[in-house]
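Undergrad: I am attaching a structure below and will ask some questions about it afterwards.
The values are calculated or read from the model by the stated rules, or taken from the named source; none is laboratory data. Because the structure is a prediction, the values reported are computed rather than measured. Here Cβ is always computed from backbone atoms with ideal geometry, including for glycine, and neighbour counts include all displayed protein chains. Protein only, heavy atoms only, side chains kept; ligands, DNA and RNA dropped before computing areas. Shrake-Rupley method; radii C 1.70, N 1.55, O 1.52, S 1.80 Å.
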Amino acid sequence: RAKSAGGNRFELADPEADARAITRHGLTTALPTALDRGEFFIEYQPLVHLGDGSVRGAEALVRWLHPQHGVLGPDRFIPLAEHTGLIVPLGRWVLEQSVRQARDWRDRHAEAGPLRINVNLSPCQLTHPGLVQDTVEILEGAGVDPDALCLEVTESALIGADDDLLKPLRRLAEMGVDIALDDFGTGYSNLANLRRLPVSVLKLDRSFTQSMQQFPADPVDLKIVEGIVSLAHSLNLAVTVEGVETGAQAEQLRILGCDTAQGWYYARPGPPERLHELALVDATG
Ligand code: C2E
Ligand code: MG
Ligand code: MG
Ligand code: MG
């Protein structure tokens, strides 16, 4: 990182940066056909109710099984997909797979209660005119209720959003789809602005969870989280926390009033069968 501060000339002399650039170029070239070749797959990470520990749903997280490079995380290819426009068909594919998965859970674990599926939306999908219709078609095609779906949009994607950008989200929200504000607290959005957004869930960024590592946690961070939670609840928003890695964090965040948690402490993202197991344990135990 220090080296890139020296400018491009310096970076070219950096073999690692060089390799990264070559890989990036290779990935960009391979990306358009990867969807047709069936190289993407989805892992699901459970969302757990902090009050009673029950599994309430799961977030869909896409991965690319690249023939040469192995499994690549979304941070490696989502920016490229956004740049090349592949994000629209890829995002639609993720949504379709995830909604089918939600139906499969519902059919196999009626006793576990309604499991909801969270799907990430890129800003490019927000501005794509087909978003609402695609979503309606996918839900109807699978016979899944809109309220089983939560679409996650990052706070930064909605900062300064005008009405045109919010319109599709409003329509989805009116249908019963939940909208979550992802990575909340990392942008600089005006808190009062929240009222204007059609969101029903705040996903508190992992950085807050990290600062809950120590017990007792940093008093300023505690105050901030406490404030966010009370504001969220007064606006009828649920609060989900991401990146929970320890029991101490979970306990601290539960005491602070957070509703739902997600993180390695409960489960890493995994194949859909793993979620079947968790839902089953939950329903019987
Ligand atoms: P995100 O939506 O904020 O997802 C949470 C990320 O935190 C995931 O990283 C997840 O694996 C990771 N995580 C979960 N629990 C823990 C934990 O306890 N500790 C730590 N250190 N990390 C944890 P992942 O899977 O690499 O995804 C990164 C980002 O890529 C996501 O962040 C999301 O913004 C984006 N993404 C993933 N799937 C999709 C997709 O289908 N479409 C779009 N547009 N973006 C996606
Ligand atoms: Mg997310
Ligand atoms: Mg997040
Ligand atoms: Mg995040």
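Undergrad: Does Ser207 satisfy the condition of being closer than 21 Å to Glu152 by Cα, surrounded by fewer than 18 Cβ atoms within 10 Å (Cβ to Cβ) and more than 16 Å from ligand 4 (Cβ to nearest atom)? If you could, list the steps in order and put the result at the bottom.
TA: Values: closer than 21 Å to Glu152 by Cα: yes; surrounded by fewer than 18 Cβ atoms within 10 Å (Cβ to Cβ): yes; more than 16 Å from ligand 4 (Cβ to nearest atom): no.
Criteria not met by Ser207.
Undergrad: May I ask you to verify whether Ala60 is under 18 Å from Asp178 (Cβ atoms), of a type in the set (Gly, Ala, Ser) and in a helix (DSSP H, G or I)?
TA: Numbers: under 18 Å from Asp178 (Cβ atoms): yes; of a type in the set (Gly, Ala, Ser): yes; in a helix (DSSP H, G or I): no.
Considered against the rule, which asks whether it is under 18 Å from Asp178 (Cβ atoms), of a type in the set (Gly, Ala, Ser) and in a helix (DSSP H, G or I), Ala60 comes out as no.
Undergrad: Just give me the residues in the range 218-253 being among the charged types (D, E, K, R) and not in a helix (DSSP H, G or I), in sequence order. If you could, list the steps in order and put the result at the bottom.
TA: Within the range 218-253, the subset among the charged types (D, E, K, R) is 218, 221, 223, 226, 242, 245, 251.
Listed by number, the residues that qualify are Asp218, Glu242, Glu245.
Undergrad: Restricting the search to the range 190-217, which residues are within 15 Å of ligand 3 (Cβ to nearest atom), under 15 Å from Cys258 (Cβ atoms) and outside any helix (DSSP H, G or I)? Walk me through it before giving the result.
TA: Taking the range 190-217 first, the residues within 15 Å of ligand 3 (Cβ to nearest atom) are 199, 201-210.
Then keep just the ones that are under 15 Å from Cys258 (Cβ atoms); that gives 201-210.
Of everything in the range 190-217, those that are within 15 Å of ligand 3 (Cβ to nearest atom), under 15 Å from Cys258 (Cβ atoms) and outside any helix (DSSP H, G or I) turn out to be Val201, Leu202, Lys203, Leu204, Asp205.
Undergrad: Another question about this same structure. Filter the range 150-178 for residues that are open to solvent by 10 Å² or more (accessible area, probe 1.4 Å), more than 16 Å from ligand 4 (Cβ to nearest atom) and more than 14 Å from Asn193 (Cα to Cα) and give the result.
TA: Asp164, Leu165, Lys167, Pro168, Arg170, Arg171, Ala173, Glu174, Met175, Gly176, Asp178, listed by residue number.
Undergrad: Right, here's the next one. Is there a residue in the range 254-268 that is part of a helix (DSSP H, G or I), modelled with pLDDT of 95 or more and surrounded by 15 or more Cβ atoms within 10 Å (Cβ to Cβ)?
TA: yes
Undergrad: In addition: Restricting to the range 42-58, what's the tally of residues that are of a type outside the set (Asp, Glu), within 13 Å of Arg268 (Cβ to Cβ) and open to solvent by 40 Å² or more (accessible area, probe 1.4 Å)?
TA: Of the residues in that region, 0 qualify.
Undergrad: Now, a different point. In the range 183-203, how many are at pLDDT 95 or above and within 12 Å of ligand 1 (Cβ to nearest atom)?
TA: Total meeting the criteria: 1.
Undergrad: Six or more apart or on different chains, Cβ under 6 Å: which pairs go from a residue in the range 221-233 that's at negative phi and touching a residue at least 12 places away in the same chain (Cβ under 8 Å) to one that's assigned to a helix (DSSP H, G or I) and open to solvent by less than 40 Å² (accessible area, probe 1.4 Å)? Could you list them?
TA: From the range 221-233, the pairs are Val225/Phe208.
Undergrad: Could I ask something else about it? Can you tell me which residues in the range 56-73 are free of Cβ contacts under 8 Å to residues at least 24 places away in the same chain and within 16 Å of ligand 4 (Cβ to nearest atom)?
TA: Scanning the range 56-73 gives Arg63, Gly73.
Undergrad: Going by the conditions given, is Arg37 touching a residue at least 24 places away in the same chain (Cβ under 8 Å) and open to solvent by 60 Å² or more (accessible area, probe 1.4 Å)? Talk me through it step by step, then tell me what you get.
TA: Numbers: touching a residue at least 24 places away in the same chain (Cβ under 8 Å): no; open to solvent by 60 Å² or more (accessible area, probe 1.4 Å): yes.
It is false that Arg37 is touching a residue at least 24 places away in the same chain (Cβ under 8 Å) and open to solvent by 60 Å² or more (accessible area, probe 1.4 Å).
Undergrad: Restricting attention to helices (runs of 4 or more DSSP H) lying wholly within the range 95-184, give those where 3 or more residues are away from ligand 2 (no atom under 13 Å from the Cβ) and either farther than 18 Å from Lys203 by Cβ or out of contact with any helix residue (DSSP H, G or I) (no Cβ under 7 Å at 6 or more places or on another chain) (or both). Spell out how you get there, then give the answer.
TA: Values: elements: 123-126, 131-142, 155-158, 163-175.
Correct list: 131-142, 163-175.
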